[in-house]
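The values are calculated or read from the model by the stated rules, or taken from the named source; none is laboratory data. For clarity, every value in this text was computed on a predicted model and none was experimentally measured. Note that each Cβ is placed from the backbone with ideal geometry, even for glycine, and that neighbours are counted across all protein chains shown. For accessibility, only protein heavy atoms count, side chains too; no ligands or nucleic acids. Shrake-Rupley method; radii C 1.70, N 1.55, O 1.52, S 1.80 Å.
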Amino acid sequence: MTARTLLLTCCCSCLITSPSANALSMTAEASPKRITQQQQHKILSTVKNFRPISSSSLIYRSANLDNLSVEDAERLLSGDAFYGNDGSSSSGGGGGSRNPRPLAAVIDLRNSDEIQKGQKVRTEGAKYFYSQLLQNDGDIDIDATSNTGGPRLIHIPILRDVDAFWDEAIGRMEPSERIAATLATAFRGGAFDRAAARNLERGGPASLYTVMMATAARPIGMALEACVEESSQKGDGGGGGPVIFHCQKGKDRTGVVAMLLQSCMGQGDDEIVEAYRLSGELLGGEDATAASGGSDSDKSAGGMIDWSHFRGSPPSAMIDTLQWVRDRYGSIYAYLDAASFDEEQRMALRKAV
C-alpha cells in the first residue's frame with residue numbers, strides 16, 4: 001500500500017466498531033407504509049445507517065455489511081428487510097403487500113484494501129451473506145452484472161485513483177503553501193502530501209467530498225448506473241429488486257452518491273441536506289456530533305492525517321458541496337453529464353423509482 005493510499009484510507013474509512021445489540025436501523029422518510037424514524041423498528045439490528053433514498057425507491061444506502069447477524073443476512077437476501085414488521089412495504093416497490101422482492105445487488109464503493117480489512121473481522125452472518133452473492137470479475141465492470149440467478153456483489157471503488165485525489169488536493173493549496181511544501185520535500189519525502197492533508201483537514205467534509213467528485217466522476221457515474229440497472233424491472237417483467245450501495249459508514253462516498261440520486265429524482269436541497277444530516281444521528285458514537293479539532297490519537301498510523309476533522313454529518317458540509325458543484329459545473333445535471341450519467345439514464349432512474 002502506498003503512503004497516499006494509507007492517507008486516504010484512514011481519512012475516508014476509519015473502521016466502525018460492531019454495533020451494540022440494541023442498535024437501530026431507521027429510515028429517513030415518513031410515510032404510512034414506510035418504516036419511519038419515529039417508529040424505530042429494529043429492522044436490521046446489525047447494520048447502521050440503513051434506509052431507502054426516497055419513500056418510493058428500491059435503492060437503499062447503508063454502512064458496511066461486515067457485522068451482519070445470520071438473521072439479518074437472511075432478511076436482506078429474501079427481501080424481508082425492505083418491509084415493515086406489520087408486513088407493509090418500506091418502499092413503493094412492493095405496493096404495500098407482503099410479497100417482497102429478493103435482494104438484487106450490493107454495490108460496494110470501498111477500495112480493495114478496505115474490503116480486505118473488513119473480511120478479516122466479518123461475523124458468521126456476514127460470511128454467509130457474502131457467500132450468497134455473485135461477484136463480478138472486474139473492479140468497475142458493471143457490464144458483467146446481468147442477472148444469472150442470484151444477487152450480485154458489484155465493486156465500484158470511488159477512490160480508485162488515489163494519485164488523482166491527492167494531486168487535486170495539492171492543486172487547491174495556496175501558492176505560499178505549495179512553495180513551502182516544495183522546499184520541505186528536499187528534506188523529507190511526502191511533504192507535499194502531508195501539506196495537502198493539512199489543507200484538506202481545514203476544509204472538513206465538504207473539501208473531502210468536492211475533491212472526490214472532481215477526481216472520481218466516472219466511478220460515481222458507474223455507481224449511479226448500477227443502482228438504476230439492478231433495481232429496474234426488465235422488459236420481460238423479470239429482474240429488478242432492492243439494491244444496497246454502501247461504503248464504510250454510509251456517510252461520505254455513499255452520501256455523495258445519494259445526493260446525486262436524490263437530485264435526479266427531483267428532491268430539493270432541504271431534503272438532500274436532511275438525509276445527509278441523518279447519517280450522524282443513525283451512526284451515533286463519534287459521528288453523532290460535527291467534527292472538531294483532533295488530537296494525536298485521531299491521526300492515522302503514519303501520523304499524516306487527522307480524520308476526526310471528517311466525522312459527523314453537519315448540514316453545512318452538504319450545503320457547501322451542492323454549492324461547489326453549481327459553481328464549478330453550472331448545475332447538478334451538468335456534473336452528471338460529466339460523469340456520463342446523462343438525461344436518458346436519469347429518466348430511467350425516475351421511472352425505476
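The modelled label-to-label distance between GLU343 and VAL70, using points 7 Å beyond Cα along the C-beta direction, is 5.3 nm. I want the local charge near LEU68. Using Cβ-Cβ distances under 13 Å, sum +1 for each Lys or Arg and -1 for each Asp or Glu among the other residues. Summing Lys/Arg as +1 and Asp/Glu as -1 gives -1. Of the accessible area of the stretch 309-353, with the probe set at 1.4 angstrom, what percent is carbon plus sulfur? Carbon and sulfur atoms account for 52 percent of the accessible area of the stretch 309-353. Spin-label model, SER316 to GLU271: label points 7 Å out along the Cα-to-beta-carbon direction sit 2.7 nm apart. Would you mind getting me the FRET efficiency between GLU177 and GLN323? Use the beta-carbon distance for r and R0 = 25 Å, nearest 0.05. Computed FRET efficiency for GLU177 and GLN323: 0.60. Just to verify a number: FRET efficiency for ALA164 and GLN135, C-beta to C-beta distance, R0 = 30 Å, to 0.05? My answer for the efficiency is 0.70. Each of ASP113, ASP327 has its accessible area taken with a 1.4 Å probe; listed largest first, they run ASP327, ASP113.
In this simple spin-label model, placing a label point 7 Å from the Cα along the Cα-to-Cβ direction at both SER331 and ILE115 gives a separation of 3.6 nm.
To the nearest 10, the accessible area of ASP306 is 10 Å² with a 1.4 Å probe.
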